[in-house]
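One structure is given here, and the rest of the page talks about it.
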Amino acid sequence: MRLQVDTLIVLAVLSFAASESVRCQTASDTSAPRGSIHGRVVDIVTKSPVVGASISFVGTLRGAATDQRGEFTLLRLPVGNYSLAVRSIGYEPLTKTDVIVRSKRITYVEAELRQAAVEVEGTVVTAGYFPESPSQPTGVTGFTSEEIRRSPGSAGDVSRIIRILPSAAKINDLYNGLVIRGGSPAENGFYLDNIEIPNINHYPIQGSTGGPIGLLNVDFLQEVTFSSGGFSAIYGDRLSSIMDLTFREGNRREFDGQLDANFAGFGTAAEAPIGSGRGSWLFAARRSFLDLLVDVIGLGVVPRYSDYQGKLVYDVSAQNKVTILGVLGIDLIEFERAESLRNGNSTYGRWDGHEWVVGADWRCLWSANGYSNTSFSILSTRYKSRFYSTESDRQLTDENSLEQTVQIRNVSAYQFNRSTYFEFGLDGKYVTDNYDFSIVEYTNNFGDGVSALAVDERIRSPKVGTFVSLTMKPFKRLTTTAGLRYDFFEYNKLSHLSPRISWSYQLSRRCTLNGASGIYYQNLPLHLLVQRKTSEHLKDLIAYHYIIGASFLLKEDTKLTVEGYFKDYYNFPIDLSQPQLFAVDEAFGDQYFTTWQELVDVGRARSRGVELTLQKKLVRGVYGMVCGSYSKSRYRGLGEVWRDRVIDNRAVVGIEGGYKPNNHWEFSMRWIFAGGIPYTPLNLRASRILNRTVLDRTRVNLARYPDYHALNLRVDRRFHFRSSNLILYLSVWNAYNRKNIFTYFWNTTELKQDAVYQWSRIPLLGVEFEF
């Protein structure tokens, strides 16, 4: 009934908006909806403005040129979707797609140009739809804000969008933790405007980087760059991937506002100039009403959350810009006892907490050849929960922990000449974590008793890191980057040197060979280390990356990339009482790092695979991506037995694309197939006797779930009025209602093995109104 009412409301809004849109379209040309584009063109290495660059619309003669500040403006443009071609002498051409012009709005575009390589004889100049990072040639994919916003089945969640890539395992719809090339969700790094953020999700999983719902406002994202391996020395303390995000600036010329609502919640956003256009601010707030979804998708719980985020930018001078950034998330979720009893779950309780970051970044242009970015920030995450036994009402866990970090980060670059530039900088952190949690004695998943645990620990410890990276072009077709990183953590007195190297060889203008290798270190989660005194001496995790690949520009707007990789892991924790298990994977499955008896750092893991990506940018109304991979991820505990990891999909296929017949309608889809991941079957006899889930220790990860596949669809309708814009969309997740299994468990009510399923079919209606 609720879906029918909401559908009628949306249809009524559609009818009104359609009639109003037609009235605007039939007005005289001078009163037709129009908007503007304002932008800036800079050098990708030095961040200095590119003066005199030409800006033109693809397929037309209309355009502009950049001024002394590298800025340009295009006024009174008909509303619609544009592609901007950016060209300057001495630079590679660049084409920015998905530039949306809206009524009475100013769309901001920032273009970073790469200095041109020496021309290869017999080649033609391409349009630059796929810009490349000179220092990170492998495993890098970029997404525009529009590509993020419209992605089916993502709800604007950046992590869920990344899952279309062949490097990402497809494991769990309920949580968005990224599993990249055989790495656990704890191995990913996130940077927002030069500020490192440990987790970008509501309900963050402690000791990991995942959660069920994204925290960041997708309308604020200017771009997202994702590296799935072989990343440079400027990033540390992560083994698998780096996501570099940038919030756009607010409007420097006028006030703009936005209202939006969908089944997940409602929000508002605003932006305006400050200091007569020398700066701007933007701010957004959102609150959920996910309780409306409980009956539709069968959550059985009532999650509530809200978030607030903003950015203020001010140009102190032509060479100095200061940015102030803030993000806050507040979370609450309750598992009712009655609902847990109906579902056969063994626990119920409440979890609430917060996560926030406040920081400032100072960008200084030294000269036309160099710059520095320096940020100072404070981060805080509160974990507060209490859970009880459904059967006996006995309290099982109690936690009230606070993780806080003060950090400073500097990244500087200097270009000696057109073929050589140097990056260097430092990371400094001061960790002030308070851990206060207890777990009663319990029986683990194998039916063994585990003693009670109580932790009351205060950690005060500095972490430092410094890095250098040199990119050179020793020959006209070869670009190399060599980097070295040093890290030290006072808490465990461990220090590391991490050498890294990458290269790119241009066979022709349309074909490039790439490679990368390096050593990567990461500290174990402090939440795990404080559980036992002996764990403080565990070694840091190590991963060795070896990557080789090739990219082929089939057409100016279509690119094929093939990469193969090998990752070798060392020093992973293994529990002597459960030597056949891989502790970090068990934490992923249980959504927390549970108690362990005695950990030793002898675990090994290996991951290898080959990936293929075919991507077409939006040109003439059609865009899309086809991805495929085949990989193996295995681990070894104590002894010589190698087992499949619970993140091992083997074969993965992803297809995403869309069609925009005009400036009003857009139709898109995403289909994902993934091989079933390994799991340990239940010991049915022991589960029946104990009336709880007991796994078969003789068959660890020897069974596999059925294959995963799901189809997500989306339809967008844009309305452009004289001074406002409206977007209505309908998205259907898991359109053909595939019953993908999340896990098997022992149903304590019905006394049998049961299954937890991932998302069922979910229709989502949404509206965005800009004024």
So how many residues does the range 714-755 have that are touching a His at 6+ places or on another chain (Cβ under 8 Å), buried (at least 18 other Cβ atoms within 10 Å of the Cβ) and within 28 Å of Asn649 (Cβ to Cβ)?
1
Condition test on Gln404, is it of a type outside the set (Gly, Ala, Ser), farther than 26 Å from Thr481 by Cβ and modelled with pLDDT of 95 or more?
yes
Determine whether the range 427-435 contains at least one residue that is in contact with a helix residue (DSSP H, G or I) (Cβ under 6 Å, 6 or more places away or on another chain) and open to solvent by less than 20 Å² (accessible area, probe 1.4 Å).
yes
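Quick one: which residue in Ser502, Ser508, Ser495 is more than 24 Å from the chain's Cα centre (by Cα), among the small types (Gly, Ala, Ser) and under 23 Å from Phe424 (Cβ atoms)?
Unique residue meeting the criteria: Ser495.
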Can you name the residue in the range 273-300 that is surrounded by fewer than 16 Cβ atoms within 10 Å (Cβ to Cβ) and at pLDDT 90 or above and, of all such residues, is nearest to Tyr348 (Cα to Cα)?
Arg287
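Rundown of residues vs (1) in contact with a strand residue (DSSP E or B) (Cβ under 8 Å, 6 or more places away or on another chain); (2) touching a residue at least 12 places away in the same chain (Cβ under 8 Å); (3) of a type in the set (D, E, K, R); (4) not in a strand (DSSP E or B), yes/no style:
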residue: Leu711; (1), (2), (3), (4): yes, yes, no, no
residue: Val715; (1), (2), (3), (4): yes, yes, no, no
residue: Phe742; (1), (2), (3), (4): yes, yes, no, no
residue: Asp754; (1), (2), (3), (4): yes, yes, yes, no
residue: Trp759; (1), (2), (3), (4): yes, yes, no, yes
residue: Pro763; (1), (2), (3), (4): yes, yes, no, no
residue: Gly766; (1), (2), (3), (4): yes, yes, no, no
What pairs can you find where one residue is in the range 522-533 and closer than 18 Å to Glu586 by Cβ and free of Cβ contacts under 8 Å to residues at least 40 places away in the same chain, the other is open to solvent by 30 Å² or more (accessible area, probe 1.4 Å) and not small (Gly, Ala, Ser), and their Cβ atoms are less than 8 Å apart, with a gap of 6+ or different chains?
Leu529/Tyr491; Leu529/Glu536
Just a yes or no: is a residue in the range 416-423 part of a strand (DSSP E or B) and among the small types (Gly, Ala, Ser)?
no
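Among strands (runs of 3 or more DSSP E) lying entirely in the range 301-369, which contain 3 or more residues that are over 29 Å from the mean Cα position of the chain (by Cα)?
Numbers: elements: 302-315, 320-335, 347-367.
Correct list: 347-367.
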What pairs can you find where one residue is in the range 364-376 and under 28 Å from Thr405 (Cα atoms), the other is of a type in the set (Asp, Glu) and open to solvent by less than 40 Å² (accessible area, probe 1.4 Å), and their Cβ atoms are less than 9 Å apart, with a gap of 6+ or different chains?
Asn373/Asp193; Asn373/Asp361; Thr374/Asp361; Ser375/Asp193; Ser375/Glu196; Ser375/Asp361; Phe376/Asp361
Modelled with pLDDT of 95 or more, in a strand (DSSP E or B) and buried (at least 18 other Cβ atoms within 10 Å of the Cβ): does that describe Tyr520?
yes
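Pick from Ser48, Ser54: which is under 26 Å from Arg278 (Cβ atoms), touching a residue at least 24 places away in the same chain (Cβ under 8 Å) and either in contact with a strand residue (DSSP E or B) (Cβ under 7 Å, 6 or more places away or on another chain) or hydroxyl-bearing (Ser, Thr, Tyr) (or both)? Walk me through how you get there before you give the answer.
Details: Ser54 fails: under 26 Å from Arg278 (Cβ atoms).
After ruling out the rest, the residue left standing is Ser48.
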Any chance the range 466-479 includes a residue that's in contact with an Asp or Glu (Cβ under 6 Å, 6 or more places away or on another chain) and either of a type in the set (Lys, Arg) or modelled with pLDDT of 95 or more (or both)?
yes
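For the range 154-163, indicate whether the set of residues that are part of a loop (DSSP other than H, G, I, E, B), surrounded by fewer than 23 Cβ atoms within 10 Å (Cβ to Cβ) and modelled with pLDDT under 90 is non-empty. So that I can check it myself, show each step before the final result.
Start the filter on the range 154-163 by keeping residues that are part of a loop (DSSP other than H, G, I, E, B), which leaves 154-157, 163.
Now drop any that are not surrounded by fewer than 23 Cβ atoms within 10 Å (Cβ to Cβ), which leaves 155-156.
Filter once more, so that each one left must be modelled with pLDDT under 90: 155-156.
Scanning the range 154-163, I find at least one residue that is part of a loop (DSSP other than H, G, I, E, B), surrounded by fewer than 23 Cβ atoms within 10 Å (Cβ to Cβ) and modelled with pLDDT under 90, so the answer is yes.
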Matching residues in the range 621-642 - criterion: being small (Gly, Ala, Ser) and either surrounded by 15 or more Cβ atoms within 10 Å (Cβ to Cβ) or at pLDDT 95 or above (or both):
Gly624, Gly628, Ser629, Ser631, Ser633, Gly637
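Which one of these is outside any strand (DSSP E or B) and either open to solvent by 50 Å² or more (accessible area, probe 1.4 Å) or not β-branched (Val, Ile, Thr) (or both): Ser372, Ser392, Ser377? Reasoning before the result, please.
Working: Ser372 fails: outside any strand (DSSP E or B); Ser377 fails: outside any strand (DSSP E or B).
Exactly one residue qualifies, and that residue is Ser392.
The values are calculated or read from the model by the stated rules, or taken from the named source; none is laboratory data. Here the structure is a predicted model, which is why all the values come from computation and not from measurement. When we count neighbours, we look across all protein chains shown, and the Cβ atoms used for this are built from the backbone with ideal geometry, even at glycine. These accessible areas exclude ligands, DNA and RNA; they are computed on the full protein's heavy atoms, side chains included. Shrake-Rupley method; radii C 1.70, N 1.55, O 1.52, S 1.80 Å.
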